[in-house]
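Here is the structure we will look at.
The values are calculated or read from the model by the stated rules, or taken from the named source; none is laboratory data. This one's a predicted model, so the numbers in the text were calculated from it and none came from an experiment. Neighbour counts are summed over all protein chains in view; Cβ atoms, including those assigned to glycine, are modelled from backbone coordinates with ideal geometry. Protein only, heavy atoms only, side chains kept; ligands, DNA and RNA dropped before computing areas. Shrake-Rupley method; radii C 1.70, N 1.55, O 1.52, S 1.80 Å.
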Amino acid sequence: MKTKYIKIDPENIDMALADEAGKVIRDGGLVAFPTETVYGLGANAFDDEAVEKIFKAKGRPNDNPLIVHIADVKEVSNIVAEIPKKAQIVMENFWPGPISIIVKKSEKIGDSVSAGLKTVAVRMPSNSVARAVIRAAGVPVAAPSANTSGKPSPTSPAHVSEDMTGKIDMIVDGGRCEVGLESTVLDLSGKEPVILRPGKISAAMLEPYIGKVKGGSEEQIRDDIVPKCPGMKYKHYAPKASVYVLEYKKNFDLKRLQKLISEQKKEGKRTGVLSCVNEGNIYTSDVYIYGGDTSEEYAENLFYSLRSFDENGADVIFCPICFSDDFAFALRNRLYKSAAGNVLDFEKNEG
Ligand code: TXA
Ligand code: MG
């Protein structure tokens with residue numbers, strides 16, 4: 001299949017181009033487009049055949065439901081069976097933005113979107129290109145992240161292109177994504193709100209509005225919990241290289257890492273470090289990327305960097321991190337999955 005590549009400036013939306021992308025979606029095709037979190041791979045959510053194509057293009061297991069994206073709050077009523085009070089409050093206060101809410105689905109949403117569940121995830125993105133394309137489509141847009149299943153989610157058009165060229169109808173280039181991690185998934189279909197996937201909007205941000213929110217914290221950063229989002233049980237965010245997370249609080253054991261790196265080099269391995277301090281390559285690795293010294297900046301660069309290490313032929317990537325703020329939970333959730341649970345304590349032992 002020939003994949004058409006178009007570019008839309010987020011600061012100055014070309015409506016004719018947005019219409020072109022919207023029409024492809026409306027007519028049953030697949031279009032990748034930017035959102036504020038990661039790039040999405042969109043299809044008409046009311047068209048089962050089109051939705052099936054998403055699973056094929058990504059190689060995604062079909063028991064993993066999709067998020068339905070809208071550009072206008074009033075579209076929610078076509079997608080959901082009912083809007084609980086707390087959902088209303090979240091929509092009013094956090095949309096448009098990086099949070100998806102799960103509620104009971106309407107009959108219009110087919111089983112391919114919901115993977116047979118009685119619920120549906122809905123999200124209204126804030127990214128201007130996403131909104132223009134969804135609005136132009138004139139239908140709700142089912143969209144997972146636009147990566148091949150298992151790989152890090154794409155946060156740049158080049159990474160979408162790498163995974164999807166030849167498999168989908170169109171790629172809309174709208175530049176880099178600013179959040180860099182996928183939306184918070186908040187389940188509001190049960191008795192109490194539960195965060196199934198942590199993201200930029202944290203439990204602490206939600207609680208003043210809707211009271212106690214379960215999940216979205218320490219318990220979810222470990223890989224061994226029973227996944228509640230069907231999608232969280234699969235291999236995730238994995239570059240080709242092996243990833244090691246090196247946790248520290250204050251004093252990083254640099255000598256220990258330098259030793260590890262030299263051992264790896266002796267074995268013929270190409271080493272990489274994704275750093276959270278801007279001091280240059282003090283680690284002596286073959287590849288060095290500075291990810292950022294706040295959890296926000298590091299998250300923005302995380303998936304992008306993991307793919308860059310692959311492009312640079314890294315065999316093993318070390319990720320020293322020390323973040324402890326609210327957003328760091330979401331960051332660790334993704335990073336620990338990329339590392340398949342390889343997490344080491346790298347606090348330097350004094351004396
Ligand atoms: O930021 C995002 O959410 C991006 C952009 C494109 O909007 N999309 C995204 O979609 O990350 P995806 O398909 O890669 O992840 C959706 C997650 C999966 O873990 C899926 O299992 C979960 O949401 N999910 C979707 N519908 C659900 C439902 N009805 N019940 C429970 N989990 C659901
Ligand atoms: Mg995904």
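Observations, loosely collected:
- Axis of helix 128-137 versus longest Cα principal axis of the chain: the two differ by about 30°, to the nearest ten degrees.
- Note that segment 105-159 presents 30 Å² accessible area per residue, ligands and nucleic acids not counted, probe 1.4 Å.
- Most simply put, the chain has about 35% antiparallel DSSP beta bridges, counting only bridges with both residues inside it.
- Three-way shape label, segment 78-140, alpha-carbon gyration tensor, a/c 1.5: oblate
- In a simple Cβ point-charge model (Lys, Arg +1; Asp, Glu -1; nothing else charged), segment 66-179 has a dipole of about 340 debye relative to its Cα centre.
- Segment 245-351 shape via C-alpha gyration tensor axes, a/c threshold 1.5: oblate
- Within a Gaussian network of the chain (alpha carbon springs, distance under 10 Å), most fluctuating of LYS105, LYS255, LYS191: LYS191
- For segment 227-340, the solvent-accessible area works out to 44 Å² per residue, with a probe of 1.4 Å and every protein chain left in place.
- For TYR290, the residues whose amide H sits under 5 Å from its own are SER275, ignoring neighbours fewer than 5 places away on the same chain, with H placed 1.01 Å from N.
- For the peptides 239-249, 296-306, the ranking by packing is 296-306, 239-249, with the highest mean count of neighbouring Cβ atoms within 10 Å listed first.
- Here the Gaussian network model covers the chain, with springs between Cα atoms less than 10 Å apart; of GLY22, GLY313, GLY97, GLY313 fluctuates the most.
- Lys/Arg +1, Asp/Glu -1 at C-beta; segment 40-130 dipole; positive extreme among VAL51, ALA121, VAL80: ALA121
- Mean-position separation - Cα centroids, segment 60-116 and segment 1-27, in angstrom: 24 Å
- Degrees separating the helix 85-94 axis from the principal Cα axis of the chain, which is the longest one: 60 degrees
- For LYS265, the lysines whose Cα comes closer than 20 Å to its Cα, not counting residues fewer than 8 places off in the same chain, are LYS240, LYS255.
- Accessible area (Å², per residue) of segment 10-86, counting only protein heavy atoms and a probe of 1.4 Å: 43 Å²
- Computed over the chain: relative contact order in percent, which uses C-alpha pairs under 8 Å that are six or more apart: 20 percent
- Relative contact order (percent, whole number), segment 1-65, Cα cutoff 8 Å, 6+ residue spacing: 18 percent
- Prolate/oblate/rounded call for segment 1-151, Cα gyration tensor, a/c under 1.5 rounded: oblate
- Beyond 18 Å in Cα-Cα separation lie the following of the pairs LYS214/LYS249; LYS151/LYS259; LYS2/LYS53; LYS104/LYS200; LYS74/LYS191; LYS56/LYS118: LYS214/LYS249; LYS151/LYS259; LYS104/LYS200; LYS74/LYS191; LYS56/LYS118.
- In the chain, the portion of solvent-accessible area held by carbon and sulfur atoms comes to 49 percent [1.4 Å probe, whole percent, DNA, RNA and ligands not counted].
- Distances between placed amide hydrogens fall under 5 Å for THR119 paired with LYS105, all partners being 5 or more residues away or on another chain.
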